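These notes are about the structure you will find just below.
The values are calculated or read from the model by the stated rules, or taken from the named source; none is laboratory data. Since the model is a prediction, treat every value here as computed from it, not as a measurement. Cβ: placed from backbone, ideal geometry, glycine included. Neighbour counts: every protein chain shown.
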Amino acid sequence: MTHDPGHGTRAVPFSLATGCRVEYNAARDNNFKIFTVQSEEEMARKPASKREKPASPAGVPDDAWSEIESLREEIWRYRRFYYLEDSPEIPDAEYDKLERSLLELLEKYPAAKRPDCPTEVPGVSIDLETFAPVKHSAPMLSLDNAMDADEMADWVKRVEKDLGREIKALTVEPKMDGLSISLTYRKGALVQAATRGDGRTGENVTDNVRTIKAIPKKLGKPLDLDVRGEIYMEIRAFEDFNAKQVMRGEKVYVNPRNLASGSLRQKDPEVTRSRPLAFVAYDAAEAKKNLGVSGQAEMLDALAGLGLPVSDQWKKTGANEIEKSYAAMLEKREKLLYEIDGMVVKVDDFSEREKLGATGHHPRWAIAYKFPPEEAETVVNEIAVQVGRTGALTPVANLEPVRVGGVTVSRATLHNQDEIDRLDVREGDAVIIRRAGDVIPEIVQVIKEKRPKGARKYSLPAKCPVCNSAVDRLEGEVNHYCTSIACPAQAMEAISHFASKNTMDIEGLGPKMVEQLYEAKLVGNIADLYDLKDRRDDVLGLERMAEKSADNLLAAIEESKKRPLGRIIFALGIRLVGRQTGDLLAESFGSIGKLAKAKADELESLYDVGPKVAQSIVDFFSAKSNLDIIKRLKKAGLAFKAEKREGGVLTGFSFCITGKLSRPRTYFQDMVRNNGGTVVSSVTKGLDYLIIGEEAGSKRKKAEKLGVTLLTEDEFLAVVEGGGVLPERGSGR
């Protein structure tokens with residue numbers, strides 16, 4: 001993956017301007033599509049079930065477009081697991097291949113490029129429900145990668161060509177595998193700390209960062225300074241922590257980076273305090289002005305002089321010494337106390353950096369020179385299956401413990417059935433394992449001449465190993481999934497999703513409360529929530545639960561029965577069905593009963609519902625355990641029929657929403673639908689109106705180019721709340 005100048009954070013999907021949860025679920029669908037229409041009037045007036053399906057842009061063959069869309073979807077998916085769930089599914093090296101494949105296709109077919117493409121967008125989604133947003137004083141960009149000596153040499157040539165002369169000097173630093181952080185000091189005191197976020201806006205984690213001993217609360221001088229650095233965890237501390245997790249029967253983390261990230265992004269700062277986190281500074285905004293330095297080497301010395309920890313492995317060198325420095329750092333790698341997966345090379349001189357500039361994604365004056373993956377031989381003792389919180393079945397090889405890259409490895413992911421078949425890996429096999437990018441150990445080769453007699457081929461089970469429900473694999477997908485929302489392996493996640501703000505909006509029922517209820521055996525699935533009214537005394541018995549809190553929680557659960565059908569469909573957790581798709585299904589079918597009986601081809605006829613989504617819906621309603629849950633929810637009094645809406649002021653018009661608004665985006669989506677309008681996710685020629693908030697970007701530009709009428713938040717509210725009149729379509733501003 002691409003990394004920022006802080007050596008660790010990779011680029012991710014897109015900025016979540018408002019309503020993090022809404023965008024998060026849109027990212028799960030990943031249906032960023034380009035639509036073609038025959039005429040504006042046809043597009044605007046066609047019912048949802050008759051609108052055109054996405055088509056490839058002019059000049060892009062259908063097979064290439066299909067591959068591009070598939071790669072985009074896959075990259076978003078892996079980024080989401082890496083950043084939002086601290087649970088990477090593939091090694092860095094495999095991810096890099098996907099991103100490079102996409103880059104090659106986009107270079108060949110530039111008409112397929114879009115501003116929201118993962119190769120164009122730096123940054124990660126931010127959790128606005130847990131943390132307040134913080135706008136960075138200067139963007140925190142990603143880094144480009146060099147995978148070998150030839151690519152490194154090409155980068156030097158490009159830089160020197162742009163400079164018009166040889167580079168004066170370079171600095172090389174270890175590429176720490178941690179979590180990038182921005183620290184704001186005013187008059188020498190730490191006043192704010194923010195995650196990298198989307199590169200421009202991060203999450204305010206000041207209270208958590210104050211618990212990290214390695215980060216000074218006061219600098220050696222009373223300066224105003226914005227410092228960039230990396231929060232990480234040493235290898236020994238990581239292994240000790242995981243060993244304790246195993247003893248407690250709790251989650252085991254894949255690598256130090258994920259543990260560091262999960263530790264920092266806790267609601268409770270005391271959890272962060274209990275984790276052995278370390279810190280290293282590598283940059284300061286406007287260092288030339290604020291520190292009086294002219295280059296990277298001077299800046300690192302100045303930061304150290306202020307009491308900030310900096311790497312003890314950095315070195316100033318020349319372009320002709322890069323390979324020598326790389327070899328030396330690679331040799332040190334296993335001896336270091338922390339994980340690195342490469343070397344960051346930076347132009348030292350700040351005036352040269354200013355001349356080189358940056359793209360919207362990465363600076364042209366720095367690059368990450370990646371290390372090759374490390375390998376070792378061991379034996380597969382057993383192939384086990386884990387069921388994740390999304391219901392995905394992941395085969396895992398339990399290995400004879402072996403040291404790889406300074407870490408003892410006893411497990412390796414096998415990803416999916418296709419990977420097992422490709423490798424032909426079996427229990428008892430001698431294998432070569434690799435730690436690619438210091439993320440997840442993987443099996444890269446089976447030594448078949450050492451295979452024991454009688455070793456059998458392995459296939460994933462047809463039944464979930466946790467709940468014994470049917471296991472399904474959608475056509476065109478690589479993963480197998482448990483089809484039951486009642487599966488204990490995914491129960492807490494399913495309940496948390498059901499109760500979240502943009503689904504059933506049950507106030508007071510956050511992840512911590514869900515965990516308490518689940519561990520107390522008060523709930524095992526979403527339907528159990530509506531039985532809690534008869535177990536008030538048991539709820540009162542929970543830790544730190546007062547009478548008022550218990551009554552408020554039970555009242556909130558009761559209130560949730562009034563949520564509209566679209567939100568209930570989304571809340572059920574049907575894979576690939578987001579909030580917007582839930583509303584579309586509610587409008588199209590009118591009741592949960594009719595939706596449950598829908599065939600795949602009937603679902604596919606709907607606007608924005610593709611074959612994968614359609615099959616996922618059919619599979620969901622084919623599972624008896626899911627129908628049993630729905631039956632209980634219906635009995636509890638949930639609104640499983642859509643309210644009939646008479647004509648509204650927005651009837652017959654389509655709306656798209658973009659930018660930062662004063663309220664969650666779902667608020668405006670609901671207002672559009674409640675007044676008879678249709679919400680769409682893309683700007684096309686057939687769009688009637690684009691509702692714009694602050695910092696509206698690519699969608700606004702496209703709308704202006706196409707002549708789509710723009711509405712500010714106030715103008716929109718004046719129409720639906722104050723009796724205002726919609727401006728004529730195509731009237732622009």
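Mind checking whether some residue in region 560-578 is among the charged types (D, E, K, R), out of contact with any Phe, Trp or Tyr (no Cβ under 8 Å at 6 or more places or on another chain) and farther than 23 Å from residue 674 by Cα? Within region 560-578 (the criterion being among the charged types (D, E, K, R), out of contact with any Phe, Trp or Tyr (no Cβ under 8 Å at 6 or more places or on another chain) and farther than 23 Å from residue 674 by Cα), the answer is no, since none of the residues qualifies. Against the definition (modelled with pLDDT of 90 or more and within 20 Å of residue 443 (Cα to Cα)), how does residue 395 come out, yes or no? Yes; evaluated as a whole, the condition is true for this residue. Within the option set 493, 419, 515, 400, being surrounded by fewer than 21 Cβ atoms within 10 Å (Cβ to Cβ), over 22 Å from the mean Cα position of the chain (by Cα) and in the same structural domain as residue 573 (by TED's automatic domain parsing) holds for one residue only, 515. Within region 688-706, can you find the residues that are within 17 Å of residue 659 (Cα to Cα) and outside any helix (DSSP H, G or I)? Of everything in region 688-706, those that are within 17 Å of residue 659 (Cα to Cα) and outside any helix (DSSP H, G or I) turn out to be 689, 690, 691, 692, 693, 694, 695, 696, 697.
Scanning region 475-512 for residues that are assigned to a loop (DSSP other than H, G, I, E, B) and in contact with a strand residue (DSSP E or B) (Cβ under 6 Å, 6 or more places away or on another chain), we see that the one that is farthest from residue 574 (Cα to Cα) is 479. Does residue 649 satisfy being of a type in the set (Val, Ile, Thr), surrounded by fewer than 21 Cβ atoms within 10 Å (Cβ to Cβ) and either modelled with pLDDT under 90 or outside any helix (DSSP H, G or I) (or both)? Yes; evaluated as a whole, the condition is true for this residue.
In region 560-567, is there at least one residue being crowded, with 17+ Cβ neighbours inside 10 Å, in a loop (DSSP other than H, G, I, E, B) and on the phi > 0 side of the Ramachandran plot? No, every residue in region 560-567 fails to be crowded, with 17+ Cβ neighbours inside 10 Å, in a loop (DSSP other than H, G, I, E, B) and on the phi > 0 side of the Ramachandran plot. Exactly one residue out of 446, 396 is free of Cβ contacts under 8 Å to residues at least 40 places away in the same chain and within 29 Å of residue 576 (Cβ to Cβ), and it is 396. Within the set 403, 456, 389, the sole residue that is assigned to a loop (DSSP other than H, G, I, E, B), of a type in the set (Lys, Arg) and modelled with pLDDT under 85 turns out to be 389.
Restricting attention to region 640-656, does a residue exist that is free of Cβ contacts under 8 Å to residues at least 60 places away in the same chain, touching a strand residue (DSSP E or B) at 6+ places or on another chain (Cβ under 8 Å) and among the aliphatic types (A, V, I, L, M)? No, region 640-656 contains no residue that is free of Cβ contacts under 8 Å to residues at least 60 places away in the same chain, touching a strand residue (DSSP E or B) at 6+ places or on another chain (Cβ under 8 Å) and among the aliphatic types (A, V, I, L, M). Kindly provide the set of residues from region 312-363 that are charged (D, E, K, R) and surrounded by 18 or more Cβ atoms within 10 Å (Cβ to Cβ), ordered by number. 333, 339, 341, 346, 348, 349, 352, 353 - these are the residues of region 312-363 that are charged (D, E, K, R) and surrounded by 18 or more Cβ atoms within 10 Å (Cβ to Cβ).
Only one of the numbered conditions (1) under 22 Å from residue 268 (Cα atoms); (2) touching a residue at least 12 places away in the same chain (Cβ under 8 Å); (3) of a type outside the set (Phe, Trp, Tyr) is not met by residue 245, and that is (2).
Within region 513-541, residues that are in a helix (DSSP H, G or I) have Cβ atoms under 8 Å from residues that are buried (at least 19 other Cβ atoms within 10 Å of the Cβ) and hydroxyl-bearing (Ser, Thr, Tyr) in these pairs: 514/496, counting only partners at least 6 apart in sequence or on another chain. When region 266-301 is limited to residues that are in a helix (DSSP H, G or I) and under 27 Å from the mean Cα position of the chain (by Cα), the one that is surrounded by the most Cβ atoms within 10 Å (Cβ to Cβ) turns out to be 272.
For region 636-646, does any single residue satisfy the condition of being at pLDDT 90 or above, surrounded by fewer than 14 Cβ atoms within 10 Å (Cβ to Cβ) and on the phi > 0 side of the Ramachandran plot? The answer is yes, given that some residue of region 636-646 is at pLDDT 90 or above, surrounded by fewer than 14 Cβ atoms within 10 Å (Cβ to Cβ) and on the phi > 0 side of the Ramachandran plot. Those strands (runs of 3 or more DSSP E) of region 314-382 in which 3 or more residues are out of contact with any Gly (no Cβ under 6 Å at 6 or more places or on another chain) and assigned by TED's automatic domain parsing to the domain that holds residue 295 occupy 315-317, 340-347.
Highlighted here are the strands (runs of 3 or more DSSP E) found entirely within region 161-262 that include at least 2 residues which are surrounded by 14 or more Cβ atoms within 10 Å (Cβ to Cβ) and among the charged types (D, E, K, R): 170-176, 225-232. Filtered by the rule that a residue be buried (at least 19 other Cβ atoms within 10 Å of the Cβ) and over 31 Å from the mean Cα position of the chain (by Cα), region 364-391 gives 378, 380.
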